[in-house]
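For reference, the structure discussed in these notes is given below.
The values are calculated or read from the model by the stated rules, or taken from the named source; none is laboratory data. Keep in mind that this is a model prediction, so the values were computed, not measured. Glycine also receives a Cβ, built like all others from the backbone with ideal geometry; neighbour counts cover every protein chain displayed. SASA here: full protein model, heavy atoms, side chains in, ligands and nucleic acids out. Shrake-Rupley method; radii C 1.70, N 1.55, O 1.52, S 1.80 Å.
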Amino acid sequence: MKAMTTITAITTNTSNRLLIAVLVGAAAMALAAPEASAHAAYESSSPGFAEVLSESPDVISIRFTQELFRREGANEISLRHVDSGEAIDLSDARIGNDDRKLMTADVRRRLAPGRYLVSWTNLSAEDGDEDSGSYPFYVTRDPTAAEQGDDRQIAGDLLVTYPGDEPEEPEETATLDAEPVVVRSAESDDVSLGAGPMIWLAVGVSAGVVLVGALGYRLGQRRRVD
């Protein structure tokens, strides 16, 4: 009876440790996985963000990161002439039939020179979340220094890069034409790959295997003693 109690205690303790090891590995994989995007966020547009146009546009189009859900009043585009504060009449917003990430609206009259602010609201078909925002463009004039500062703040809110602020491309070197170097182990012909986040899962599984082996060994010793 005492032997059975000891075996039960060992089994329970080992099972708990194995469970912890598996959970640690699973948590590491979850942390390594990319986070799912939320909302149909701004991706690109025409006119482009802070673009300076040489003439009035006929259409405003915005591409989002998720497909949109068609619901009356849920997806809208509006336009305002910032210089005068005047609201510009647009057609009802349309969601593309072939590309449901694209929303467009027609500009119904010729735009005067100045800074314009496009605003939108939308409803994601992928997660059901609503989103809204705005972006600027210019007609036949360049932005002032103050307007550039405002536009950079808007770009930050949308998590996009302000035009001209893109990081410089690294200079090309002669090594670009060189043959790629493949690292192989001395004892194997397999290509060596970086472990990355998979190492945590491997640690968890290895720990579980070690614990199970230890349990088998201790149970074998216990049976010989009994």
Quiz item: Per-residue HN-Hα couplings for the stretch 104-118, Karplus 6.51 cos²θ - 1.76 cosθ + 1.60 at θ = phi - 60°, whole Hz, x for Gly and Pro?
Solution: 10, 8, 8, 8, 8, 8, 6, 8, 6, x, x, 8, 10, 10, 8
Quiz prompt | Qualifying trypsin sites (Lys or Arg not before Pro) for the stretch 113-152 [loop in DSSP, other Cβ within 10 Å: at most 15] | solution = Arg141
Practice problem: Would you grab the residues whose amide H sits under 5 Å from the one on Val59? Only those 5+ places off in sequence or on another chain, please, with H modelled 1.01 Å from N. | Solution: Val107
Quiz prompt | Environment charge of Phe69, counting only residues whose C-beta is closer than 15 Å and scoring Lys/Arg +1, Asp/Glu -1 | solution = -4
Quiz item: Given R₀ = 25 Å, FRET efficiency for Ser132-Glu168 by Cβ-Cβ distance, to 0.05?
Solution: 0.15
Practice problem: For Glu51 and Ala112, compute 0.36 nm times the residue count separating them, minus their Cα-Cα distance, and round to one decimal in nm. | Solution: 20.4 nm
Practice problem: Starting from the residue with the highest accessible area, list His39, His81 in decreasing order, probe 1.4 Å. | Solution: His39, His81
